[in-house]
1. Counting only residues 5 or more places away or on other chains, whose amide H sits under 5 Å from the amide H of residue 40 once H atoms are built in the peptide plane?
2. If the cut-off is 14 Å between C-alpha atoms, which aspartates and glutamates fall inside it for residue 115, apart from same-chain ones fewer than 8 positions away?
3. For residue 143, tell me the accessible area in Å² from a 1.4 Å probe, rounded to the nearest 10.
4. Over the chain, how many percent of alpha carbon pairs lie in each 10 Å bin up to the one with the longest distance?
5. Output needed for region 22-118: three equivalent-ellipsoid semi-axes, defined as square roots of 5 times the C-alpha gyration tensor eigenvalues, in descending order, whole Å.
6. I'd like to check one number: the per residue accessible area of region 1-140, probe 1.4 Å, reported in Å² as a whole number.
7. Expressed as an acute angle from 0 to 90° and rounded to the nearest 10, what is the orientation of the C-alpha long axis of helix 157-169 relative to the principal long axis of the chain?
8. Which whole-Hz couplings ³J(HN,Hα) result when phi for each residue of region 32-42 is put into the Karplus expression 6.51 cos²θ - 1.76 cosθ + 1.60, θ = phi - 60°, listed in order with x for Gly and Pro?
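The values are calculated or read from the model by the stated rules, or taken from the named source; none is laboratory data. It should be emphasised that the depicted structure is a prediction, and the values quoted were computed from it without experimental measurement. When the accessible area is computed, the model is the full protein with side chains, heavy atoms only, and any ligands, DNA or RNA have been set aside. Shrake-Rupley method; radii C 1.70, N 1.55, O 1.52, S 1.80 Å.
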Amino acid sequence: MAGRLPPGRKLKIQELSDRLGVSPSVVREALSRLSAESLVLAEPQRGFRVSPINAADVRDLTAVRTDIELKCLRSAIREGGLSWETAIVAARHELVGTPYDIHDLSDGWTEAHAKFHYALVAACDSPWLLRIREQLFVQGERYRRINIRMSHEGRDLRVEHSELAQAVLNRNTPLAAELMREHLRLTQTLTLQSLMSADTAVG
């Protein structure tokens, strides 16, 4: 998830077992579960690898994620009450107060970021939509964290998140949807630029 293991790297069960201090069977079970979530690639007779990354998947993921995210957001704005609004304010405060470097995001900021985005949609009345949204969010975070260190673009995430939260709290559904769409589009653009830079460097 943090990009510490490069995409495509072979995952050796015994090596991971020794590093983590757990039995090989535990590692094998964990890799099987990660494979089901598309974070690890299982190859018959060849073992496991870190799932590869590519531009086509980034575009596809962003398109689907945007569709689901906006469905959840519209439902949350329609259904959310005072406790939902309070949770958004608290999550925004935590995110703003967590130090971050746009080119080297800490685990603490990443966790606060995930909590903030979930708070925005938490009042959605469809558990299935929320489950699907969470799976897509995890995949999006993987791409973003793998490539973010390679991007040289500036971005004021505090402003983006503050404007998004305010639009949601004001129950301005059209504005909130447009800000969320642009937020995800910009993330996609920077990720694709990072992938292109990586391909150029290799070439």
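1. 35, 51
2. Leaving aside aspartates and glutamates fewer than 8 places away in the same chain, those within reach of residue 115 are 85, 94, 107, 134, 141.
3. Here the residue's solvent-accessible area equals roughly 10 Å².
4. Calculated P(r), rounded to whole percents: 8, 31, 33, 21, 7, 0.
5. 33, 19, 15
6. Averaged over the residues of region 1-140, the accessible area is 56 Å².
7. 50 degrees
8. 5, 5, 5, 5, 5, 9, 6, 8, 10, 9, 9
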